[in-house]
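See structure below.
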Amino acid sequence: MLYQLEKHPAVLFLMYADRRSTEQNNSLILSVRRNSLEDLGIRADIKSTSENTDRGNLQKCRIQGKYAGKVTDVHKGVVYVRLANGVNAVAHSCYDYRMPRKKDGVSFAAIRLDMERGVAVGIIRRIIRQNL
């Protein structure tokens, strides 16, 4: 593992499993510090999975376009959605009377495209399919 981290620190992903859950997460390795075999430090960014997000997929989205997608995470009222065309999206409000949960199918309307972060920003129009 140390040999691979030294060889490609910018493109390798750290796989870890939380002891309380069986879910695995991908994280971007930002830096690796090794003073000795016992002293090893790894700095990772858990929120983003890649340094260069695919801007080509983001060009497929239009402002005021309606898209279907699947909720990947909900954190403090902000809903993260993976759209069917491969674009990551962030929704700050929901027009459905129910709050979307993880793995729900939703209808998403794009308000603006954030090229800096590589995401579409918008609202959730309705929940298509609830994951029970």
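Throughout, read-outs are computed from the coordinates displayed, never taken from laboratory work. Only a predicted model underlies this, so the values are computations on that prediction, with no experimental measurement involved. Counting neighbours? That spans all protein chains shown, and the Cβs are built from the backbone with ideal geometry, glycine included.
The loop-placed chymotrypsin sites (Phe, Trp or Tyr not before Pro) in the stretch 78-132, going by DSSP, that have at most 15 neighbouring Cβ atoms within 10 Å of their Cβ come out as 95, 97.
Full extension of the chain segment joining residue 35 with residue 85 gains 13.6 nm, where the gain is 0.36 nm per residue of separation less the Cα-Cα distance.
log10 I(q)/I(0), Debye, Cα-only the stretch 55-129, no solvent, q = 0.15, 0.23 Å⁻¹? Once normalised to I(0) and log-transformed, intensities are -0.40, -0.95.
Measuring nothing but how far apart in sequence close Cα pairs (under 8 Å, 6+ apart) lie, relative to its length, the stretch 55-129 scores a relative contact order of 34 percent. Taking the Cα-to-Cβ direction at residue 92 and at residue 63 and moving 7 Å from each Cα, how far apart do the two end points lie in nm? Here the modelled spin labels are 1.5 nm apart.
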